[in-house]
Amino acid sequence: MKTGYSKICINPPYGAPISGYYEQRYVKGITTSLYARAVAFDDGNKKALIIAIDVCLLPLEICDRIRDDIVKATGVDKDAIFMNFSHTHTGPLVGQNFATDDKSSEGYDEFFFSCIRDAAIYAIDDLCESRIEIGETEAKNISFIRRYRMKDGSVVTNPGPHNDNVLEPLGTPNEALKLVKILRDGKNDIAMINFGTHADSVGGEYINADYVGYACATVEAAIPGTDAIFLIGPQGDVNHVNINTTKGERAILNDLDTVCPHSDAHARHMGRVLAGAVLSIYSITEEMKTDKITYSSKIVDLPSNQDNDRLDEAKRICELYDTGRKNELPYKEMELVTVVSEACRIVRLENGPDSFPFLLSAIKVGELVFAGIGGEPFVEIGVRISEQSPFKNTIVCCLTNNYGGYIPTSSCYDEGGYEARTTDIKQGGDDIIVDGMIELLKSL
């Protein structure tokens, strides 16, 4: 097996819109650079590309445009191109903002598209003989369930640290970290890191790769001659906020969803913990058979979460928010975000569709499989796929080749909360995703 690596900076210009919040933000500076990192695989017959991009999200039409460009430039089959988004909330907007009227500039979009295409080209140009090893461990105490049942019976996302009204968390974080180590003849080794939690620990109006960037940089500094790439795992119901913080954690924890200038100390902390987990297994990984590459994709239809019975009220809420009169709504902080997001979902789906085509992607390299889901599935969905996969070494990724919004577990809809109230996907989408992915993996 041959592998190649490349890394291209994708920083946006000053004043460009930032993606991730319901508040408009524009670039005031850069604290850490953003990159597109690519790994190419070549078995002598087929090639495949894994590309990790420091961006919050990309819609399907933009993903298709980029992958088509890569096909034209490299000849690699479209199904063999696997793009994973870090979900940094301090990265550039590409296309239309999902939550505001902001649009990116055509000039930056074209620059961005060319960077992703060129990363693929350069990774293929870097191909050399390699062997692949894998390891797994845990990165403890940096990912926490963000959905809680309160003492009054309600469900709240991000209730905040030391909230006396919290009764219990609704779920369990997945602290598993998987490492794919690629040893290359005469060139830098490659560390492919897979872990899942929201990349939203910085905030503000300065470009920052969040913990993902710090994890890669710390691994590269600790292991000279190594290039790192990070693949985000399912993270729809987890983030960096420990509601039972120590004094040390509280000192570096940022408030959520604000445009205020922020410290990146918590992102650095998370990056160090992840890098430490990588280092703890880096010397004891196990070699895998890597004889050939196979790949495929599958479209599944997910039911639409329409709710026209509340359409008039939803339109009123959207109008108040869009005209700068959110103070007339009797909600604050995360409750306001939830109500406005839910109203936007109801208005957006007024005329359908009845279902959404949803892309699942899979690439198999010898005994190693990359399984990609668009959108932000809850961690339980990723665990179910890993447990049911026909392959021992399955790297489950979210935000892959599409952004499809939150994919809650079915029980979440009965519980309520931000994710269930705002997602475009109706209850039962989780089972369709899991069953569809297992069918796809079995077809490889």
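Here are the numbers for this structure:
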quantity	calculated
Links that overshoot a 24 Å alpha carbon limit, given the list K78/K364; K72/K392; K72/K289	K72/K392; K72/K289
GNM result for the chain, Cα springs below 10 Å: residue of L274, L34, L60 fluctuating most strongly	L60
Between 0 and 90°, nearest 10: helix 210-222 axis offset from the chain longest Cα axis	30
Under-5 Å amide H pairs with N11, H placed in peptide plane, nonlocal only	L34
Likely footprinting exposure, D118, D430, D301, fewest C-beta neighbours within 10 Å first	D301, D118, D430
14 Å beta-carbon shell around E313, net charge (K/R +1, D/E -1)	-2
Listed residues N351, V339, L311: farthest to the positive end of the dipole of segment 307-351 (Cβ charges)	V339
Choice from G107, G366, G416 with maximal GNM fluctuation in the chain (Cα, 10 Å cutoff)	G107
Additional length obtainable on full extension of the chain from K28 to F391, 0.36 nm per residue less Cα span	126.1 nm
Segments 308-316, 155-163 sorted - mean Cβ within 10 Å per residue, highest first	155-163, 308-316
Cα Rg, Dmax, segment 49-194, angstrom units	20.3, 62
Whole-angstrom Cα spans of the chain along principal axes, big to small	64, 49, 44
Charge context of I284, other residues only, Cβ under 13 angstrom, K/R +1, D/E -1	-3
In degrees, nearest ten, helix 60-74 long axis to first principal axis of the chain (Cα)	10
Size of charge dipole - the chain - debye, nearest 20, with Cβ of Lys, Arg +1 and Asp, Glu -1, no other charges	840
Cα gyration tensor shape of segment 205-342, rounded if a/c is under 1.5, else prolate or oblate by comparing a/b with b/c	oblate
Whole-Hz ³J(HN,Hα) from phi, Karplus 6.51 cos²θ - 1.76 cosθ + 1.60, for segment 14-27, glycine and proline x	4, x, 5, x, 9, 9, x, 10, 8, 9, 6, 9, 9, 4
Lysines whose Cα lies under 30 Å from that of K151, excluding same-chain neighbours fewer than 8 positions away	K140, K247, K326, K332, K426
Segment 315-444: projected area of the alpha-carbon convex hull, averaged over directions, in nm²	9.1
Tilt relative to the chain, helix 333-348 - C-alpha long axis, 0 to 90 degrees, to 10	80
GNM top mover of T90, T290, T400 - the chain, alpha-carbon springs below 10 Å	T290
Shape parameters for segment 148-250, alpha-carbon atoms, Rg then Dmax in Å	17.6, 62
Anchor K46: aspartates and glutamates whose Cα lies under 14 Å away (excluding residues fewer than 8 positions away in-chain)	D77, D79, D291
Electrostatic dipole magnitude of segment 38-80 [Cβ: Lys, Arg +1; Asp, Glu -1; Cα centre; debye, to 20]	80
Centre separation in Å (Cα based) which lies between segment 19-70 and segment 172-242	15
Amide H contacts of D77 (H built 1.01 Å from N, under 5 Å, at least 5 apart or other chain)	K47
Whether segment 307-351 is rounded, prolate or oblate, judged on the alpha carbon gyration tensor where a/c under 1.5 counts as rounded	prolate
Table column - 3J(HN,Hα) (Hz), segment 316-330, Karplus curve with 6.51, -1.76, 1.60, x for Gly and Pro	5, 5, 4, 5, 4, 5, 5, 9, x, 10, 5, 5, 7, 8, x
Convex hull per residue volume in Å³, alpha carbons only, for segment 73-141	175
Fewest-first ranking of S143, S280, using other Cβ atoms within 10 Å as the exposure measure	S280, S143
Residue-by-residue Karplus 3J(HN,Hα) for segment 77-83, coefficients 6.51, -1.76, 1.60, Hz, glycine and proline x	4, 4, 5, 9, 10, 10, 9
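A short reminder: the numbers here are calculations on the coordinates, not readings from a lab. Everything quoted here is computed from the prediction, not taken from an experiment. Backbone-built Cβ (ideal geometry, glycine too); neighbour counts: all protein chains shown.
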